[in-house]
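Here the structure comes first, spelled out in structure tokens, and everything after it is commentary.
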Amino acid sequence: MRDLIVFGEDFGGLPSSTQHLITHLNSERKILWVNSIGLRKPKLTLKDVRRALNKLLPSALQA
């Protein structure tokens, strides 16, 4: 079986049908999940700052 590259919403955010389907394929193949970049312009609000930190911190901690 071939590996998959999935372009989708933020993995682990709100479970979607895409995540459910891909999770079932996980045992059969390697999966690379590419989160979306977002479509709206971020604002300097607490909500947007938290969201940015939630995306950046896991990557920074792995480096």
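The values are calculated or read from the model by the stated rules, or taken from the named source; none is laboratory data. Being a predicted model, the structure only gives us computed values, none of them experimental. Reconstructed Cβ throughout: ideal geometry from the backbone, glycine too, with neighbour counts over all protein chains shown.
A few comments on the model shown:
- Out of Arg2, Arg29, sole residue that is in a loop (DSSP other than H, G, I, E, B) and exposed (fewer than 10 other Cβ atoms within 10 Å of the Cβ): Arg2
- Boolean, Lys30 is over 13 Å from Asp10 (Cα atoms) and without any contact (Cβ under 8 Å) to a residue 24 or more places away in the chain: no
- Residue match in the stretch 41-55 (condition: under 15 Å from the mean Cα position of the chain (by Cα), free of Cβ contacts under 8 Å to residues at least 24 places away in the same chain and under 21 Å from Ile5 (Cα atoms)): no
- Complete set of residues in the stretch 12-40 that are farther than 27 Å from Arg2 by Cα and at pLDDT 85 or above: Arg40
Each row is one residue, and each column tells you yes or no for (1) assigned to a helix (DSSP H, G or I); (2) of a type outside the set (Gly, Ala, Ser); (3) surrounded by 10 or more Cβ atoms within 10 Å (Cβ to Cβ).
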| residue | (1), (2), (3) |
| --- | --- |
| Pro15 | no, yes, yes |
| Gln19 | yes, yes, yes |
| Trp33 | no, yes, yes |
| Arg40 | no, yes, no |
| Lys43 | no, yes, no |
| Leu53 | yes, yes, yes |
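- Residues in the stretch 16-42 that are polar (S, T, N, Q) and out of contact with any helix residue (DSSP H, G or I) (no Cβ under 8 Å at 6 or more places or on another chain) were compared, and the one that is nearest to Asn54 (Cα to Cα) is Ser36.
- Flag if Ser27 is of a type in the set (Ser, Thr, Tyr) and touching an Asp or Glu at 6+ places or on another chain (Cβ under 7 Å): no
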